[in-house]
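Structure first, commentary second.
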Amino acid sequence: MPAGGFSVSAPAGVEFEAKITPIVIISCIMAATGGLMFGYDVGISGGVTSMDDFLIEFFPTVYRKKHEDKESNYCKYDNQGLQLFTSSLYLAGLTATFFASYTTRNLGRRLTMLIAGVFFIIGVIFNGAAQNLAMLIVGRILLGCGVGFANQAVPLFLSEIAPTRIRGGLNILFQLNVTIGILFANLINYGTSKIHPWGWRLSLSLAGIPALLLTLGALFVTDTPNSLIERGHLEEGKRVLKKIRGTENVDPEFNEIVEASRIAHEVKHPFRNLLLRRNRPQLVIAVLLQIFQQFTGINAIMFYAPVLFNTLGFKSDASLYSAVITGAVNVLSTLVSVYSVDKVGRRLLLLEAGVQMFFSQAIIAVILGIKVTDHSDNLSHGWAIIVVVLVCTFVSSFAWSWGPLGWLIPSETFPLETRSAGQSVTVCVNLLFTFVIAQAFLSMLCHMKYGIFAFFSGWVLIMSVFVLFLLPETKNVPIEEMTERVWKQHWFWKRFVDDDEHTLNGDAEKNGKISNGKHGV
Ligand code: BGC
């Protein structure tokens, strides 16, 4: 058996002194509202795009198709324009995240969150007041920019500010907010779908609440010591470290961050640096985790739950109701992860969930394959309930595994020198594949029919094998010690890090001195 591949935790090192202080908890709760906004945007579009008033105003052809009986059950919503409404957010976000990489590194995590909040507020105004399709799309694009900035800064902020032993749990507050955002969006859609003809407007405008929360939160919190020190504010960094750790004895941690930031300063081109062989393990894992997270098929369920349930023959009301149930399961199951991630570790959660997700999707495929044909949905009440239960089983396992860990692991494994650039690639790939799924799902449903669930379950199998062999455990390892204690110990990845040691020293020598000024992206 390959050494390290199955190890549950890295060898123990010195633990930094750190109390769990109120300021850390409050800062994390406030920053995590960035997730609320992301979740609300993910959740709101599915419900809005199944509201007749919205379709009549912006997508009259879809409206007509929806009400024509001869259209195939699996195809009635297949419209690229409609999908573009949902997806434009992700396209904007994946572009914005590269600018956000610059701001997180040079202006700090906190200011980047503030920029996100401002984008969100303007985007909400455009959407809520939309008079035509253009305003609607511009609003979604601005929201997307907000997502690009928030998803870049928030996970890094959480991972850096948290004491090591509860880092996983605090980081997952981001995902917890994502799920709360999705649930609220579902509940609100359920209520506003009964308000004619402007219910959809209310749905889109209420995104203003999480937007304001994030903006206020960003004004209130302090930046992370890692970011302050990286930007040359050593004294302030130390003061903040003492305050958040609730102790005067912060020298070991402070010195470690100063050392990480010294190396970070030698890097003039973070994105180029990211491509070096020694950063290969983190890069490959960050990219694959995002692709895998989206290929679980979660967003096929999340965006289009109401549409999906409609397709499955539930009446309009019942479909929103079912979406609310999946939303609630999503929130509650994320709590399981907050509680257990620093105890049982990342790997165990991912592996257990792999089994659960595989079986639930495979069985859904079989049931739909037998029961739902193009023009008649024979899904009786009983079968429909079984499908909802299976969807919930799937969502719950996603919620304590790939959902939160897709964000947690990349934010904690990159060294400081490439953390912002690495996170940017993470967000970009995540949104790119979210976009691909959002754009393709309705067409895939129309062409692959029930096979779409078999398709996703196949992917779940592949990703579980990857976790089993190639994903190291990162629980309880201090964030600036990952290279030494995780990558250099791993049976497969160590060859990249070890081989490159002399290159690192060579780079440092070439650069000669430590620069204190600003640096590029
Ligand atoms: C994913 C989103 C998804 C959400 C569902 C997040 O981690 O990145 O794409 O919609 O989880 O809870």
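The values are calculated or read from the model by the stated rules, or taken from the named source; none is laboratory data. The structure presented is a predicted model; accordingly, all values stated were derived computationally and were not measured. Cβ placement follows ideal geometry from the backbone for every residue including glycine, while neighbour counts extend to all protein chains displayed.
A few notes on this one:
- Under the condition of being more than 11 Å from the ligand (Cβ to nearest atom), at pLDDT 95 or above and closer than 14 Å to Gly297 by Cβ, the residues counted in the stretch 390-411 number 3.
- When Ala318, Ala300 are screened for being modelled with pLDDT under 95, assigned to a helix (DSSP H, G or I), small (Gly, Ala, Ser) and under 21 Å from Phe456 (Cβ atoms), only Ala300 passes.
- Every test in (1) farther than 21 Å from Met135 by Cβ; (2) modelled with pLDDT of 95 or more is passed by Lys194 save one, and that test is (2).
- Residues that are at pLDDT 80 or above, away from the ligand (no atom under 16 Å from the Cβ), under 25 Å from the mean Cα position of the chain (by Cα) and surrounded by fewer than 24 Cβ atoms within 10 Å (Cβ to Cβ) do occur in the stretch 366-389.
- Within the stretch 418-439, the presence of at least one residue that is buried (at least 24 other Cβ atoms within 10 Å of the Cβ), away from the ligand (no atom under 16 Å from the Cβ) and over 23 Å from Glu473 (Cβ atoms) is confirmed.
- Every listed requirement among (1) more than 29 Å from Thr21 (Cβ to Cβ); (2) of a type in the set (D, E, K, R); (3) modelled with pLDDT of 95 or more is met by Arg272 save one, (3).
- Looking across the stretch 167-189 at every residue that is at pLDDT below 95 and away from the ligand (no atom under 14 Å from the Cβ), the one that is surrounded by the most Cβ atoms within 10 Å (Cβ to Cβ) is identified as Asn189.
- Top-ranked residue in the stretch 36-71 [being under 23 Å from Gly181 (Cα atoms) and not in a helix (DSSP H, G or I); ranked as modelled with the highest pLDDT]: Met51
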